[in-house]
Amino acid sequence: MKPINVRRVFVLAGLTTLIVIYAILWLKMISSPAERTGADFIHFYAAGIIARNQGAVHVYDLELQQTVEQEQVGFMLAPGQVLPFNHVPYLIPILSVVVSKNYVASFWRWAILMLICYMIGIGLIAWWFRQKEFDIHTMLLISAGAITFYPVFVSLMQGQDTALLFLGGCLWVVGLSLERDGLVGIGLALITVRPQIAVLLAFPLIFKRQKAFGWFCLWAGMLAITSLFILGINGMRSFVNVLLITAGGKWYGTNQPAMVNLIGLLMRLVPGMSEEIVLLIGWVVYGLTLIGLCVFWRRIRKIGEKQIVLTATLALFTVPHLHYHDLAFLLIPTAAVLVGLVHTKYLRLQEAGLAPLAVSLFLLLGSLITEFVFNLPYVVMILLVLIMWFPDRVFFWRRSKDEILS
């Protein structure tokens, strides 16, 4: 009788569990009017409908957004209850094509489009692994773990555009690792769907990879011009106004205590602290992080996996606005950790293939406990940095790196 292959059992059981749970949760959500209209997709839907019926220039009109949203929820909304569309204008033409009068069909089409973006990004990461001499089996296993990554599913359930952030992150990390500045620039331009993250990742390039920063300015400039063309001057003013309103943190849907960044952590740890003070601390730390990363990148000799992991993780932790679905970006530093540890022989290929699935199950199980759901991601962030920067201490039981066969 052959011994049980524990690794294979873990993979099959883990992937099956995730897929079954995701299917049940998705079908439950999409079949429930209250749940599907309670998802973030409703403000993407409102933007698309307004663009089709009234024109793109009116997309950031909060009164029009309220009208469209309350038609879907089936009751009147107070002005502060409107989930405002505060996303970048260059998404509007895409939304105007994707959405229709049928809210459910529109949700399905948007989710499929975002899933395709995720698959493109994961394919890019798999190609990067291949350049780093990962075998096909390991690449497929990591890809399966990535596409079933719990925050990825959360972003699809919410109908968010996080897939574009992820795809941009994939281009950014692969471009940096393989020294392809054009890819870095395109990736950072896509990351402008979360502009505060894009700033933290882009500005350090001034001190190390000026050409990549130039490509970023080119592509981001083209997106800015496209946005201006879509909205016009008055539409851009409305867009800025919505950004200022939501940046204050008090509008419906902002839900700062549920954020998985420094601001969210402070609000949960010190609930009595004034929101204004928490926001001030968050923005000051964000500014100091930007300065610190610029100094750090200026002093390093070469951009490697260690620097990528630290930069990406700090960006997630210190950015002033970050919800759970944005944690799909955690796959970027995770991929860099795997490349770095396999290259230095601290990790076997067989072990590397299990990492995304293990992290996903860890986060999924944590989501079942209220006290853990928003706090376990910090554990993952800390572990990624520690494992990458101090592998000899984390893997102390391995007497010699040379003893590990890849």
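Rule-based calculations on the coordinates, nothing more; no lab input. Bear in mind the structure is a predicted one, so any value in this text is a computation, not a measurement. Neighbour counts are summed over all protein chains in view; Cβ atoms, including those assigned to glycine, are modelled from backbone coordinates with ideal geometry.
Points worth noting:
- 15 Å beta-carbon shell around I49, net charge (K/R +1, D/E -1): -1
- Rg to Rh, two decimals, where the chain supplies the alpha carbon set and Rh follows Kirkwood: 0.97
- By the beta-carbon count within 10 Å of each Cβ, the least crowded to most crowded order of V73, V173, fewest first, is V73, V173.
- Cα-based helix-to-principal-axis angle, 305-318 vs the chain, degrees rounded to 10: 30
- Taken over the chain, lysine pairs spaced eight or more positions apart, or on distinct chains, with alpha carbons under 19 Å apart number 10.
- For the chain, the longest principal axis of the C-alpha atoms and the axis of helix 62-73 are separated by about 80°.
- Residue-averaged [θ]222 nm for the chain, counting only DSSP H segments that reach four residues, each worth -39500 (n - 2.57): -22500 deg cm²/dmol
- Note on the chain: with charges restricted to the Cβ of Lys and Arg (+1) and Asp and Glu (-1), its dipole about the Cα centre is near 1240 debye.
- Test item: Cα-centred dipole of the range 272-381, Lys/Arg +1 and Asp/Glu -1 on Cβ, debye: 760
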